[in-house]
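The values are calculated or read from the model by the stated rules, or taken from the named source; none is laboratory data. Because the structure is a prediction, the values reported are computed rather than measured. Neighbour counts run over all protein chains shown; Cβ positions are idealised from the backbone, glycine included. SASA here: full protein model, heavy atoms, side chains in, ligands and nucleic acids out. Shrake-Rupley method; radii C 1.70, N 1.55, O 1.52, S 1.80 Å.
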Amino acid sequence: LGREQDGLLSDIGILASTDPVAIDAAVLDLVSERAGQSLESMSYASRDAWVQIHYAEELGLGERAYELVTVA
């Protein structure tokens with residue numbers, strides 16, 4: 001993701017977390033923010049990427065809530 005020369009979206013940087021659900025939610029949010037459209041609309045419009053994130057949260061694998069911290 002993030003290869004600006006491809007014209008899809010600008011570089012979203014490197015994300016790290018001990019919570020797999022939070023990092024997936026952050027990626028979806030950042031991609032949507034940078035691209036101006038959802039990841040689903042850019043790939044599979046009939047699929048909702050948030051379904052698996054909600055389910056993972058229900059299973060106790062992590063939480064959707066996250067805080068972005070910039071490290072210089």
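For the reader, a short list of remarks on this structure follows.
- Take the conditions (1) in a helix (DSSP H, G or I); (2) modelled with pLDDT of 80 or more; (3) exposed (fewer than 10 other Cβ atoms within 10 Å of the Cβ); Val69 misses just one of them, which is (1).
- Single residue of segment 3-39 satisfying the filter (charged (D, E, K, R) and at pLDDT 65 or above) that is most open to solvent (accessible area, probe 1.4 Å): Glu33
- Among the criteria (1) at pLDDT 85 or above; (2) out of contact with any Pro (no Cβ under 9 Å at 6 or more places or on another chain), the one Ala45 does not fulfil is (1).
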